[in-house]
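Read the structure below first, then the notes.
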Amino acid sequence: MKVADVVRELEILAPPGLAADGDNVGLLVGDLAAEVKKVLLCVDLGESVLSEAVRARAQMVVAHHPPIFESIKRVTAEQTPVVYTAARRGVAVYSAHTNLDVAPGGTNDVLSEALGLVERRPLEPIIRRDQCKIVVFVSPDDLSHVAAAAFAAGAGRMGNYYDCAFFCHGISSFCGGRGSHPTVGQAGRHEVTEELRLEMVCPRSKAAEIRSAIRAAHTYEEPAVDTYPLEDFPPGCGNGRIGTLKRPVTVRTLINRVKKAMGVKRVLLAAASSEKGGDGKGTLVTTAACCAGSAGSLVGPAAAQGATFYVAGELSHHEAIGAVAAGLTVVCLGHGNSERLAMARLGERLSGALPKLKTIISQRDRDPYTVA
């Protein structure tokens, strides 16, 4: 199969349009037409992980954190060793970052499952603004020709569906000025004619290209083409997760549950309350929340929505103090540790969608911090 086949499935599981503004997701290195049989998944693509991929004869790496984030002006062995080596070795590199975090079944859902949350929902639902709607008015004879041109340029795609459009009948009026050459009627005369209103959604990034394709295919001298920005609230998508437990359990039980599921031996604990002479691990929890990676921005929403226990990738010193003051008991796993299980789950989902593709999880990828 081709790299393009893997990219297509990844973007169904974690649509790039869900990524945060400025995030660099998608295919970062490689050729969509290249052959791929094996994919290695990791959180951080460092030199040792890339060497592991080369030794395993993986033709593609899926990394959670983009190895190209800030703008780069040179690709050299000295300045960008990972990017340079991947390109030289013919290893494609794809990043699914904040889009995987917020997507259903992604990073935060995997973490919430490890916590045992039921009836979970995003702590902070996202608004998707990467789509727009293009509306054009055409004669009935031009409908199929103009629609086909728009579809070929990228309009009318909704999830797994393509060539999606809506049209309805109406009546238009116009009067051509001096020097005009109207398709219907004559210049200088008021005309009334039947038209169809054709509507299609499209990515904002392709709107200009699609508008040009429509104008090129249209028979009118001055076709009316409108573009409207859209806001979408994708169900189940958002930052963090909050939910209830099947039955109240102690902080101690939750800590052990999360450590086992996430494969970590030690965590950082900031207890909101403690038993007399104790450490707060005996406190019962009914509602809990979580956020993988950098999780300080969701401390407020977690407390406001009734959580008393919060699993995070990492919090700063003052964010942890604020969380405790808000009544949260916080457990920090480490940034990468909170995301690694999600990459294994992504590999399973990718293999399920592409049975001929072999996926492997990096054994060299690990959080930079250890407990000394």
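What is the number of the single condition among (1) more than 22 Å from Val330 (Cβ to Cβ); (2) out of contact with any helix residue (DSSP H, G or I) (no Cβ under 8 Å at 6 or more places or on another chain); (3) surrounded by 15 or more Cβ atoms within 10 Å (Cβ to Cβ) that Glu221 does not meet?
All conditions are met except number (3).
Only residues that are farther than 18 Å from Leu254 by Cβ and within 27 Å of the chain's Cα centre (by Cα): list them for segment 315-343, please.
Ser316, Glu319, His335, Gly336, Glu339, Arg340, Ala342, Met343, listed by residue number.
Identify, from the list Val258, Val251, the residue that is among the aliphatic types (A, V, I, L, M) and in contact with a helix residue (DSSP H, G or I) (Cβ under 7 Å, 6 or more places away or on another chain). Talk me through it step by step, then tell me what you get.
Details: Val251 fails: in contact with a helix residue (DSSP H, G or I) (Cβ under 7 Å, 6 or more places away or on another chain).
Sole residue among the options that is among the aliphatic types (A, V, I, L, M) and in contact with a helix residue (DSSP H, G or I) (Cβ under 7 Å, 6 or more places away or on another chain): Val258.
Is it the case, given these coordinates, that Arg57 is charged (D, E, K, R) and at positive phi?
Numbers: charged (D, E, K, R): yes; at positive phi: yes.
Yes: the conditions hold for Arg57.
Being at pLDDT 95 or above, within 30 Å of Ala323 (Cβ to Cβ) and of a type in the set (A, V, I, L, M, F, W, C) narrows it down to one residue among Ile210, Ile214, Ile255; which is it?
Values: Ile210 fails: within 30 Å of Ala323 (Cβ to Cβ); Ile214 fails: within 30 Å of Ala323 (Cβ to Cβ).
Only one candidate qualifies: Ile255.
I need the full set of residues from segment 44-89 which are under 23 Å from the mean Cα position of the chain (by Cα), closer than 21 Å to Leu341 by Cα and assigned to a loop (DSSP other than H, G, I, E, B), in order please.
Within segment 44-89, Asp44, Leu45, Gly46, His64, His65, Pro66, Pro67 meet the criteria.
Which condition number does Ile210 fail, the rest of (1) surrounded by fewer than 16 Cβ atoms within 10 Å (Cβ to Cβ); (2) in contact with a helix residue (DSSP H, G or I) (Cβ under 6 Å, 6 or more places away or on another chain) being met?
With (1) surrounded by fewer than 16 Cβ atoms within 10 Å (Cβ to Cβ); (2) in contact with a helix residue (DSSP H, G or I) (Cβ under 6 Å, 6 or more places away or on another chain) applied to Ile210, the lone miss is (1).
Considering only residues of segment 118-140 that are basic (Lys, Arg) and under 24 Å from Ala292 (Cα atoms), which is surrounded by the most Cβ atoms within 10 Å (Cβ to Cβ)?
For segment 118-140, the residue satisfying everything is Arg120.
Assess whether Leu40 counts as being surrounded by 16 or more Cβ atoms within 10 Å (Cβ to Cβ) and over 15 Å from the mean Cα position of the chain (by Cα).
So Leu40 fits the description; yes.
Name the single residue, out of those in segment 185-224 being of a type in the set (Lys, Arg) and in contact with a Cys (Cβ under 6 Å, 6 or more places away or on another chain), that is nearest to Arg128 (Cα to Cα).
Among residues in segment 185-224 that are of a type in the set (Lys, Arg) and in contact with a Cys (Cβ under 6 Å, 6 or more places away or on another chain), the one nearest to Arg128 (Cα to Cα) is Arg204.
For segment 228-271, give me each residue that is of a type in the set (D, E, K, R), touching a residue at least 12 places away in the same chain (Cβ under 8 Å) and part of a strand (DSSP E or B).
Result: Asp232, Arg241, Lys246.
Could you please give the count of residues in segment 301-359 that are more than 25 Å from Tyr94 (Cβ to Cβ) and in a helix (DSSP H, G or I)?
Number satisfying all stated conditions: 13.
The values are calculated or read from the model by the stated rules, or taken from the named source; none is laboratory data. For clarity, every value in this text was computed on a predicted model and none was experimentally measured. Cβ sites come from the backbone with ideal geometry, for glycine too, and all protein chains shown count toward neighbours.
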